[in-house]
Amino acid sequence: MAEFKVARVEQGHTKIRNVPIAVTPEGFWCCPSPVVFQKTLKTQNTQTKPKPSPQPPKTSVQKKQTSLPERKPTPPSRSRIVSDDQRTVSSDNAVVSPPVVIERVPKPNTENLQRKVAVAFGEPATSDLKVVLSGKQGVSVTMSAHKDVLVENSSFFADRLSQQDSSLPCLEIGDCEDVEIYVETVGLMYCKELKQIIIKQSISRVLRILKVAEFLRFRLCIKSCLEYLEAVPWDGEEEEKVVSSVLRLRNDSIRVTPVLKRVSLDICNHPNDTLAHIMDLVLKSNEERGRREMKPLVLRLLRENNNVPTNGGLADICSENIYNSCQSCLSSLLHLFRQAAEPGFTDKSMDGKGPVVKQISLEADNLLWLLEILADRQAADEFALIWASQQELATLHSRLPAVSRHLISCITARLFVGIGKGEILPSKDTRLLLLQTWLQPLIDDYSWLQHGCRSFDRKVVEEGMGRTILTLPLENQQSILLSWLGSFLKAGDNCPNLQRAFEVWWRRTFIRPFVETQGNLDQSEKSENSTTSNMNVLS
């Protein structure tokens, strides 16, 4: 249970002490609890409903000792009457609740219960100000408070009271959105250790307190809320709420920077440097598990960046970094292929050639990952041109055993899939060059790709290859598909199956021209018959 400091007037000055406060329909002073407030309002609404058989009130007396840490409020349907000798005030270090006598009293007027709730802070006898809050659903809360406490802690109350006649004991505030938190925030003005109270609250409740404290200009409470929000962990949904709430407070007099530092950088660190460093770390890693887990993660995060409308500048920076990395990987890959193509390399022991073969696989995997990122960003057209221009690499490809080189063909396959789906739109010359340079190496590695690559999807790749071929002029389609036909008739299942593309090309070559010719003849014949008919009519 929360503890609040009470302003008690003794010998001309206010002394802060730990005393319980509470919310009850009758306005009695007892222990506080947010649950009590909520249940009180709920009970007021339910009491207005008619009951089928009202029972006469029964009176029972029960004594019960309550303690503050248990936070077990008495049901709001029973009013708690506290005698004068029971309103004892504890020391500054501890709060002890007095015994409470609970009576069942006759049901009061439901009209009054529906709209009025009373709150007393500190010793009700010493209060010199009543603050009336008008909230939603017709709820009206009257707070018995002390002017000196409110003026000392709240600039809002200080301004309102300075403008009001000092002889008036009442201050009215209308249109309160969150009456419960308003009452609790005023109660916090009586606390000496706000941090100890706020630390027990949830993030959502502290944000509600912060909003009211901002309205009341209760600086000490705002400071305590910000310190709490800076230290407590946030989950995904809470982060957005915290940041939006804290951004409202950004001004010269309130330090919100410590909270916002969790989500923003103060240093002038260009995003280009950070992205380049991340890419470099992933690309140069030789640890298989780390690479396998981080590559999909970075790819997914970059995809999220693509969905941010105002992230165009960052996208350009990222693409520039990726192409720089592509050039580095290609240079390394070409150097490794030259080593592996040297005479006698295949005769070396596994210890001699193993590192080169492993590095070829790593660089091929790096290029495939970079291509995936570029395809997601619709920025892989240049990569297609770069890859299609690697004639030396394609020539060296045939000199290496398939077990060492087949992962290179995964890059070619991914380009065909991207072009077939419309994700990559290189020029006609680039598409033709890509097929001329890398189609045969892909066919040569096809058997290894089917059995050695878990992620290889034969149907998707064949669909992409066929659609890529069909984007070329008809004469180029013919030369490529006839070359494929020769390979397919020799290798069978170990060769890509491009029969669908072959059928489309066949219809374009052998059927469409005759259909168009026949259509033109029919149209011409109809035109002649129409002309002859018109002449007969005129004659």
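A few remarks follow.
- Scanning segment 130-177 for residues that are at positive phi and acidic (Asp, Glu) yields a count of 1.
- Residues being exposed (fewer than 15 other Cβ atoms within 10 Å of the Cβ), aliphatic (A, V, I, L, M) and under 17 Å from residue 283 (Cα atoms) - total across segment 335-360: 0
- The helices (runs of 4 or more DSSP H) falling completely within segment 391-444 that include 3 or more residues that are crowded, with 21+ Cβ neighbours inside 10 Å and touching an Asp or Glu at 6+ places or on another chain (Cβ under 8 Å) map to 408-421.
To keep it simple, each residue is scored yes or no on (1) outside the structural domain of residue 408 (by the TED database); (2) modelled with pLDDT of 95 or more; (3) within 33 Å of the chain's Cα centre (by Cα).
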{"site": "309", "(1), (2), (3)": "no, no, yes"}
{"site": "330", "(1), (2), (3)": "no, yes, no"}
{"site": "335", "(1), (2), (3)": "no, yes, no"}
{"site": "344", "(1), (2), (3)": "no, no, no"}
{"site": "352", "(1), (2), (3)": "no, no, no"}
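- Taken across segment 452-473, residues that are in contact with a His (Cβ under 9 Å, 6 or more places away or on another chain) and of a type outside the set (S, T, N, Q) do occur, with at least one present.
- Scanning segment 482-514 for residues being within 13 Å of residue 440 (Cβ to Cβ), hydrophobic (A, V, I, L, M, F, W, C) and surrounded by fewer than 17 Cβ atoms within 10 Å (Cβ to Cβ) gives a total of 1.
- Counting the residues of segment 285-302 that are basic (Lys, Arg), open to solvent by 40 Å² or more (accessible area, probe 1.4 Å) and either modelled with pLDDT under 85 or touching a Leu at 6+ places or on another chain (Cβ under 9 Å) (or both) gives 0.
- Condition check for residue 359: within 27 Å of residue 462 (Cα to Cα) and out of contact with any Cys (no Cβ under 9 Å at 6 or more places or on another chain): no
- The one condition from (1) modelled with pLDDT under 95; (2) open to solvent by 50 Å² or more (accessible area, probe 1.4 Å) that residue 479 does not meet is (1).
- Only a single item in (1) outside any helix (DSSP H, G or I); (2) modelled with pLDDT under 70 is not met by residue 496, and it is number (2).
- Top-ranked residue of segment 450-493 - restricted to ones that are among the polar types (S, T, N, Q) and in a loop (DSSP other than H, G, I, E, B), ranked as nearest to residue 402 (Cα to Cα): 455
- Taking first residues from segment 481-505 that are basic (Lys, Arg) and partners that are buried (at least 17 other Cβ atoms within 10 Å of the Cβ), the Cβ contacts under 6 Å between residues at least 6 apart in sequence or on separate chains come to 500/466.
- Helices (runs of 4 or more DSSP H) within segment 95-180 that include 2 or more residues under 28 Å from residue 208 (Cβ atoms), at pLDDT 85 or above and assigned by the TED database to the domain that holds residue 196: 147-153, 155-163
- Of the residues screened, residue 363 is one that is buried (at least 20 other Cβ atoms within 10 Å of the Cβ) and closer than 24 Å to residue 446 by Cβ.
The values are calculated or read from the model by the stated rules, or taken from the named source; none is laboratory data. What you see is a predicted model, and the numbers here were worked out from it, not measured in a lab. Positions of Cβ are backbone-derived with ideal geometry, glycine not excepted, and every protein chain shown enters the neighbour counts. Calculation scope for accessible area: heavy atoms of the full protein, side chains included, ligands and nucleic acids excluded. Shrake-Rupley method; radii C 1.70, N 1.55, O 1.52, S 1.80 Å.
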